[in-house]
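The values are calculated or read from the model by the stated rules, or taken from the named source; none is laboratory data. Not measured: the values here are computed from a predicted model. Here the Cβ positions follow ideal geometry from the backbone for every residue, glycine too, while neighbour counts run over all protein chains shown.
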Amino acid sequence: MRNPPRPAAVQRFAVVLSRPESAENVGLAARAMKTTGFADLRLVLDGPLDPAAYRTAVHAADILDGARLSANLEDAVSDLHLVFAATARSRKNFEVLPFDAALERLAGAPRGLRVGLLFGNERTGLSSDELSLSNVRFAIPQAARQPSYNLAAAVLLVLFGLFSRSAAGRYPPGSPPGRVPLARREQDALRRRLLQNLEETGFIHATN
């Protein structure tokens with residue numbers, strides 16, 4: 001039996017796992033993607049994907065087969081227009097949106113935009129450098145700080161949040177097409193150029 005065609009509302013989303021430690025978690029994340037209709041999986045790994053991921057990717061081997069592997073996060077998100085990063089704790093240098101607010105912004109992103117859903121390492125989460133490669137940060141609510149959500153569980157919560165809204169017809173599949181922002185590769189190049197200019201003019205220096 002062939003899989004039904006994926007609606008455009010989910011085709012534009014990519015799930016990005018940065019430095020996952022557990023191959024089983026990668027497989028479970030792929031399974032979560034399959035059950036909610038998502039397909040674009042990107043992995044930031046030092047080497048090839050551990051075959052153990054296939055043990056937990058029940059009926060989702062095609063997601064793993066088609067996964068894009070990158071040696072660094074900058075490459076993994078380079079063609080995306082917006083990146084939403086999940087973080088388990090408040091951040092001093094970044095605004096962190098509530099979960100529902102993030103889902104509404106994700107759902108309403110203009111059609112034609114490629115949107116990344118970024119998740120970090122199981123133990124350490126996302127570093128400040130990794131967060132700087134995202135546009136929006138959000139937190140998934142939980143009753144206590146510890147234990148935090150398992151990586152695959154966090155992926156499922158976000159994808160199901162989007163899927164359930166789409167299935168219930170509570171939002172259109174993105175707002176009408178508008179002005180498309182630069183892809184992350186251009187955004188990051190501009191950010192580096194701005195910082196370089198600020199340093200060269202003395203605005204940024206060792207004491208500030």
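Taking the conditions exactly as written (modelled with pLDDT under 95, buried (at least 18 other Cβ atoms within 10 Å of the Cβ) and either of a type in the set (A, V, I, L, M) or under 25 Å from Ser132 (Cα atoms) (or both)), does Leu106 satisfy them or not?
yes
Looking at segment 108-128, which of its residues are in contact with a Lys or Arg (Cβ under 6 Å, 6 or more places away or on another chain) and more than 10 Å from Phe13 (Cβ to Cβ)?
Asn121
Checking the condition modelled with pLDDT of 90 or more, out of contact with any strand residue (DSSP E or B) (no Cβ under 7 Å at 6 or more places or on another chain) and surrounded by fewer than 17 Cβ atoms within 10 Å (Cβ to Cβ), which residue from Ala143, Ala153 passes?
Being modelled with pLDDT of 90 or more, out of contact with any strand residue (DSSP E or B) (no Cβ under 7 Å at 6 or more places or on another chain) and surrounded by fewer than 17 Cβ atoms within 10 Å (Cβ to Cβ) holds for just one of Ala143, Ala153, which is Ala153.
Read through the list (1) surrounded by 15 or more Cβ atoms within 10 Å (Cβ to Cβ); (2) closer than 20 Å to Leu159 by Cβ, then give the number of the only condition that Asp50 fails.
Failing condition for Asp50: (2).
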